[in-house]
1. Work out how much length GLN117 to GLN148 would gain on full extension: take 0.36 nm times their residue separation and subtract the Cα-Cα distance, in nm to one decimal.
2. Tell me which of GLN148, CYS112, ALA33 sits at the most positive position along the dipole axis of the chain, charges placed on C-beta atoms (Lys, Arg +1; Asp, Glu -1).
3. Quote to one decimal, in nm, the extra length available between ARG159 and GLU12 on full extension: 0.36 nm per residue of separation minus the C-alpha distance between them.
4. Arranged from highest to lowest average of other beta-carbon atoms within 10 Å per residue, in what order do the peptides 92-102, 106-116 appear?
5. So which of LYS43/LYS107; LYS32/LYS128; LYS24/LYS107 end up more than 25 Å apart by C-alpha?
6. Any idea what the dipole of the stretch 9-161 comes to, in debye rounded to 20, about its Cα centre with Lys/Arg Cβ at +1 and Asp/Glu Cβ at -1?
7. Please enumerate, by chain and number, the lysines with C-alpha under 24 Å from the C-alpha of LYS125, excluding those fewer than 8 residues away in the same chain.
8. Compute the orientation-averaged projected area for the chain from the convex hull of its Cα atoms and round it to one decimal in nm².
Amino acid sequence: MISKEIKIAFEEYLTLEQLTSADKDLCLEAVKAMGNSHSPYSKFRVGAALRLQSGKIIYGSNQENVAYPSGLCAERVALFHWGANHPDDPIISMAVTAHTNEFSLVKPVTPCGSCLQVLAEYEQKQGKPIEVMLYCQNGSIWKTCGVQCFLPFLFFEDRLK
């Protein structure tokens, strides 16, 4: 037997002011995107904002449906919009934030496994990682260097192409 260990790295910022102006702006764009959340069932609003190489911002918000699980997460709404409308303009970074009136969020909310798998697919498609910032409005911001920080054993099979 061989014992192996995987470690991940991310940066933690305690306030928006510690970020670069571009990263701060993208986090605030995610807050703006959250305004279009349709979340009457969970009351858990999520917003995502993608910054493309051209500087364009793509928005996504979670969209729930009474026929659960017909809804979609904010991250996939934004990523699928990019894939359908801007596939030749690479994604540089993504910011995600969440809010609920039901309880206080004290740490960043991470994307679900389905969103991470879609993120992995698009990183593979564009041939480079996407920085991800997870912004807790009452807490810190976590910044990662791409999906590998979340899914070190992500599913990808080159022979399926």
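Coordinate-derived values only; no laboratory data. Note that the structure is a prediction, hence the values are computed from the model and not measured. Cβ coordinates were reconstructed from backbone atoms using ideal geometry, including for glycine residues, and neighbour counts include every protein chain displayed.
1. 10.1 nm
2. CYS112
3. 49.2 nm
4. For the peptides 92-102, 106-116, the packing ranking is 92-102, 106-116.
5. LYS32/LYS128
6. 200 debye
7. List returned: LYS56, LYS143, LYS161.
8. Averaged projected area of the chain's Cα convex hull equals 11.6 nm².
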